[in-house]
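K.L.:
I have a structure here, written as structure tokens, and I will follow up with some questions on it.
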Amino acid sequence: MFLADDNLIVREGVRALIERHADLRVVGVAADYDEVVTGATAAEPQVLVTDVRMPPSFQREGIDAAKELRKRHPGTGVVVLSQYDDPEYAVSLLAEGSAGYGYLLKDRIAEGNQLADAIRCVATGGTALDPQIVEALVRPVTSPGGLTEAEEDLLGLVALGKPIKAIAATRQVPPEAVDAEVEAVFVKLAAGVASGDQAALNRLRLLHQAIVDREEQGETLSRLLPGGLAEKLRDGRQRIGETETVVVTVLMSDIRSYSTIAEHAVPSQLAGQLNTHRAAMNRAILGEGGTVMQFVGDAVMAVFGAPFPQPDHADRAVAAATAMHELQAEINARWAADGLEPFGLGIGLSTGQVAAALLGSEERLEYTLVGDTVNLSQRLQQLGAAGETVLSEPTCRALSSPASTVALPSQLVKGRDTPIVAYKLATRSLTPQVT
């Protein structure tokens with residue numbers, strides 16, 4: 001068993017109830033959501049015994065953690081211990097099937113061997129529900145304060161964050177009518193709560209949780225999309241599939257001789273090096289107001305001047321490239337002490353017009369830049385040795401003050417019909433010259 005409860009006294013009491021049975025053993029404990037997921041994932045117990053409400057928000061962390069554990073280790077039995085005989089929690093737990101799940105009330109688990117029997121039951125794929133929960137689940141809804149089907153649908157749209165105007169357009173009625181309906185639903189719920197109607201209180205609980213979940217999804221969106229784009233999307237200033245033409249500076253970075261390094265490195269160790277490298281590159285790019293577009297293997301792509309305009313995007317890109325080399329040099333010095341291979345970066349900067357678009361669907365989004373400027377940045381980075389940055393001619397012209405550069409011979413690069421003129425930024429070598 002893995003045991004989770006934020007109350008130490010309750011947790012130890014439940015442990016004592018479990019371990020008085022010779023065939024049951026607690027292999028780990030936790031007091032909040034993160035500890036449950038991390039600890040139980042590592043311990044791989046046959047059964048998780050958990051409270052419903054735990055830190056950080058004291059909502060339904062136990063149920064959410066149980067479902068996450070089942071995703072990682074299918075077949076793990078789950079017994080939820082709760083002080084609430086509210087069927088909403090049981091419905092939430094059993095929404096995707098009841099096999100291997102149990103729901104018991106805390107104030108009754110000391111009666112006989114109910115807890116031990118439930119643990120043994122869910123361990124073999126059975127279902128164990130407290131009789132009071134079963135009664136609540138099958139009890140017909142007789143509350144006069146209950147919502148009609150239409151009112152439930154309306155409340156669901158509100159929980160999804162749909163604006164009044166959007167709901168009105170869907171229903172083909174005036175916004176004023178929808179506004180009045182929403183107000184009437186909340187007045188009805190408030191009256192129900194005031195009179196002690198548990199169903200009305202449950203509806204408000206679920207609405208609150210839906211709003212919390214929606215906000216958390218918004219935070220997730222902000223982490224998954226390039227900086228500022230999630231806000232732009234939520235505010236309606238950027239629509240999926242909509243393309244805008246902008247002038248930007250694209251940065252492309254690549255690790256020299258990465259394949260050779262990977263050939264001789266321990267995979268887990270190399271993964272750790274890549275993670276350290278990416279975190280530092282991300283910090284350098286964000287520090288100059290850039291947008292990290294993607295990490296692909298050992299390559300990093302970033303843009304300056306999108307999704308929001310930056311008149312000095314070329315200056316910012318050069319500053320970011322310099323910071324990337326400096327940060328990687330510091331990392332290489334630490335790695336040398338541990339006997340790890342250094343990473344030498346070649347960076348290309350290209351300035352010009354691109355088409356920027358948010359492509360995909362509501363489920364999967366990708367912010368994409370299309371145009372010759374993007375392709376050229378890739379070719380330019382190939383011209384730089386480790387520790388070097390190569391600039392396109394338009395990038396040099398876009399700088400607010402001339403940079404110290406060395407002109408490269410005009411040359412053809414893959415994918416282009418005309419020769420390019422490029423310049424190598426004159427900086428001291430920050431990394432070993434790996435070719």
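The values are calculated or read from the model by the stated rules, or taken from the named source; none is laboratory data. These numbers were taken from a predicted model, which means no experiment stands behind them. Because the Cβ atoms are built from the backbone with ideal geometry, glycine has one as well, and the counts that use them run over all protein chains shown. Note: areas computed on protein heavy atoms with side chains; ligands, DNA, RNA excluded. Shrake-Rupley method; radii C 1.70, N 1.55, O 1.52, S 1.80 Å.
K.L.:
Where only protein heavy atoms count, and the probe is 1.4 Å, what is the accessible area per residue for segment 264-400 in Å²?
P.N.:
Numbers: 5820 Å² over 137 residues.
That works out to 43 Å² per residue.
K.L.:
Turning to a different aspect of this structure: Any idea of the accessible area per residue across segment 1-55, 1.4 Å probe, to the nearest Å²?
P.N.:
Working: 2600 Å² over 55 residues.
Heavy-atom SASA per residue in segment 1-55 reads 47 Å².
K.L.:
Take V10 and D179, extend 7 Å from each Cα along the Cα→Cβ direction, and tell me the distance between the two endpoints in nm.
P.N.:
Result for the modelled spin labels: 4.4 nm.
K.L.:
Grab the Cα-Cα distance for R278 and E393, subtract it from 0.36 nm times how many residues apart they are, and report the gain in nm with one decimal. Could the numbers behind the result be given before it?
P.N.:
On the way: separation 115, 0.36 × 115 = 41.40 nm, distance 2.78 nm.
Gain on extension, R278 to E393, equals 38.6 nm.
K.L.:
Please list 3J(HN,Hα) in residue order for segment 328-333, calculated via the Karplus relation 6.51 cos²θ - 1.76 cosθ + 1.60 where θ = phi - 60°; whole Hz, with x for glycine and proline.
P.N.:
Rounded to whole hertz, the list is 5, 4, 5, 5, 4, 5.
K.L.:
Spin-label point model (7 Å from Cα, Cβ direction): what's the Q172 to R108 distance in nm?
P.N.:
Taking the simple label geometry, Q172 and R108 are separated by 5.0 nm.
K.L.:
State, to one decimal in nm, how far the label point of R72 lies from the label point of F308, with both points 7 Å from Cα in the Cβ direction.
P.N.:
Each label point lies 7 Å from its Cα, and together they span 3.6 nm.
K.L.:
Using 0.36 nm times the number of residues separating A355 and R334, minus their current alpha carbon distance, what extension gain do you get? Mind showing how you got there, number by number?
P.N.:
Details: separation 21, 0.36 × 21 = 7.56 nm, distance 4.04 nm.
Full extension of this stretch gives 3.5 nm more.
K.L.:
Which order, highest average first, do 416-426, 336-346 follow once you tally other Cβ atoms within 10 Å for each residue and take the mean per peptide? Provide the component values of the computation, followed by the final result.
P.N.:
Numbers: 416-426: 14.8, 336-346: 17.8.
In descending order of packing, they fall as 336-346, 416-426.
K.L.:
Work out the FRET efficiency for V370 and T148 from their Cβ-Cβ distance, taking R0 = 51 Å, and round it to the nearest 0.05.
P.N.:
The computed FRET efficiency comes out at 0.55.
K.L.:
Between A265 and Q411, what is 0.36 nm times their sequence separation minus the Cα-Cα distance? Round to one decimal in nm.
P.N.:
The span from A265 to Q411 would gain 49.0 nm if fully extended.
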